[in-house]
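The values are calculated or read from the model by the stated rules, or taken from the named source; none is laboratory data. Just so you know, these numbers come straight off a predicted model, no measurement behind them. As a convention, Cβ positions derive from the backbone with ideal geometry for all residues, glycine included, and neighbour counts pool all protein chains shown.
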Amino acid sequence: MAKLTGIDIYKLLPKTNCGDCQVPTCMAFAMQVAAKKAALEKCPHVSEQAKQALAESAEPPMRTVTIGTGPRALQIGGETVLFRHEEKFHRATGVALRVSDAEDVAKVAQTALGLHFIRAGKEVRVDLIALEQTQDAGTFAAKAAEIARNCDLPIVLVSSDPSALGLALQGLSGKRPLICGANSQNYAELAALAKSNNAPLAVQADSLDSLATLTGEIKKLGVSDLVLAPKTETPRDTLTKLTQLRRLALEKNFRALGFPVMVFTQPGDPFQETSQAITYVCKYAQIVVMAGREPWQVLPVLTARFNIFTDPQVPNAVEAKLYRVGDPGRDAPVIVTTNFALTYFTVEGEVENSKVPAYIAVVETNGLGVLNSYADDKLSGETIAAAVKKCGALDQVSHKKLVIPGLVAVLKGELEDESGCEVVVGPEEAAGLPGFLKNDWKRLAAAL
Ligand code: SF4
């Protein structure tokens, strides 16, 4: 249902203009409700039918669904925009590792737990394990319990067999796994399992029409925490359906498809699989289930997710202050950089690689990188000199030398005038820092 206008709301009111809502007319009250300046409850004469219609219109266009419990619980959905620049994407895509119940699932669980990396100072990691049934119900249930014993990641139970799912759910009591999936044959039984286990339910169908019909039927059975899992043939088909589902939910406010979407990559060429997963993260999957488990396959997906799900309105920045890398002494270099998180952590990483202890003086540039902040006058001789003075970098060392990024070599003279320091032009790229520190700085330090 599309968002209701004042006229739509007026049509649902008694139209008696009695004034009991403290507003002179029903039309004026309807306008206030549409503008969210008055609550419908203020009209004591409104019918149950009107209340229900208005409650539906107030629901978000895409439901938020929680999978798992505790600190690792994953929330997906609740998105409000098609494009990140319109506002932001709210909940990052969950990345799931796919495992069959014929495998050593304890080993895969440990692998999943080990797939965590630091990206721009923040941890990125795999979120879920999707267990697929290929064996009998007892084996499937035993493997689900084994995963739960070996790791605290939420679980997706992939099977169409209600008895196998029921058995597995017994061993996952209170863990709120995602049940995948309901189809036109089994949806009533799976809805009963989802309801009695307080678990979300993924709905599978070939067409979007069938998906919409199924979600409607399942909602009537009292299960609303649904995830859409459209069946697809090719990556192109998957991308098309993901885009159609997002548009139908957000642009058309089509409630029957207003749920987060889960997709599976097609195993085969591992490079292609990673490429598929990244594509689906960008548009518009809320869970991507992938078979690849090698760090080189998973890290690009987590990195793409990290980049897409940052808030474009909030600078990705670190605190502007003096940082130490290693145990710098009085002859350690003072390296100047900006507070764009990616720049800072790249510089920090390369200094660590060099094994040369150093100070990094970070200038407040509102999260802009070196060239952007120079172009915006946030990185200048004046701002660097002020930042170095404020963070007390020169109090820590016995020299008056500052290393600036090679990309802003043009600031050398201005900074020397502003700071009274000798300015050493460092490499243009952070990757050049290890060589610079081990060779150029070593020679300079020897002469101190
Ligand atoms: S209380 Fe209800 S019926 Fe009376 S004026 Fe207000 S909106 Fe209309």
**Asked** Looking at segment 53-79, which of the residues that are exposed (fewer than 14 other Cβ atoms within 10 Å of the Cβ) and farther than 18 Å from Asp225 by Cβ is farthest from the ligand (Cβ to nearest atom)?
**Response** Pro71
**Request:** Please enumerate the residues belonging to segment 7-23 that are more than 6 Å from the ligand (Cβ to nearest atom) and either of a type outside the set (Val, Ile, Thr) or in a loop (DSSP other than H, G, I, E, B) (or both).
**Result:** Asp8, Tyr10, Lys11, Leu12, Lys15, Gln22
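Yes or no, residue by residue, for (1) touching a Lys or Arg at 6+ places or on another chain (Cβ under 8 Å); (2) among the small types (Gly, Ala, Ser); (3) surrounded by 16 or more Cβ atoms within 10 Å (Cβ to Cβ); (4) without any contact (Cβ under 8 Å) to a residue 40 or more places away in the chain:
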{"position": "Asn366", "(1), (2), (3), (4)": "yes, no, no, no"}
{"position": "Ala386", "(1), (2), (3), (4)": "no, yes, no, yes"}
{"position": "Lys390", "(1), (2), (3), (4)": "no, no, no, yes"}
{"position": "Asp395", "(1), (2), (3), (4)": "no, no, no, yes"}
{"position": "Ala409", "(1), (2), (3), (4)": "no, yes, no, yes"}
{"position": "Asp417", "(1), (2), (3), (4)": "no, no, no, yes"}
{"position": "Val423", "(1), (2), (3), (4)": "yes, no, yes, yes"}
{"position": "Trp441", "(1), (2), (3), (4)": "no, no, yes, no"}
**Message:** Out of Ala35, Ala30, Ala50, I need the residue that is near the ligand (Cβ under 9 Å from one of its atoms) and in contact with a helix residue (DSSP H, G or I) (Cβ under 9 Å, 6 or more places away or on another chain). Which one?
**Reply:** Ala30
**Given (1) part of a strand (DSSP E or B); (2) over 22 Å from Pro235 (Cα atoms); (3) not aromatic (Phe, Trp, Tyr), number of the condition Asn366 does not satisfy** = (1)
**Item:** Pairs where the first residue, in segment 48-72, is closer than 21 Å to Ala96 by Cα and the second is modelled with pLDDT under 85 and exposed (fewer than 14 other Cβ atoms within 10 Å of the Cβ), C-beta under 8 Å, 6+ apart
**Value:** none
**Prompt:** So which residues in segment 38-47 are crowded, with 17+ Cβ neighbours inside 10 Å and either more than 7 Å from the ligand (Cβ to nearest atom) or more than 44 Å from the chain's Cα centre (by Cα) (or both)?
**Reply:** Ala38, Leu40
**Asked** Out of (1) within 11 Å of the ligand (Cβ to nearest atom); (2) in a loop (DSSP other than H, G, I, E, B); (3) of a type in the set (A, V, I, L, M), the odd one out for Leu4 is which?
**Response** (1)
**Asked** Within segment 139-146, is even one residue surrounded by fewer than 23 Cβ atoms within 10 Å (Cβ to Cβ), touching a Phe, Trp or Tyr at 6+ places or on another chain (Cβ under 8 Å), of a type outside the set (Asp, Glu) and in the same structural domain as Arg176 (by TED's automatic domain parsing)?
**Response** no
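Table: residues versus (1) under 11 Å from Val334 (Cα atoms); (2) aliphatic (A, V, I, L, M).
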| residue | (1), (2) |
| --- | --- |
| Ala387 | no, yes |
| Lys401 | yes, no |
| Val408 | no, yes |
| Lys412 | no, no |
| Val424 | yes, yes |
| Leu433 | no, yes |
| Phe436 | no, no |
**Asked** Could we say that Asp127 is within 26 Å of Phe259 (Cα to Cα) and touching a Gly at 6+ places or on another chain (Cβ under 6 Å) here?
**Response** yes
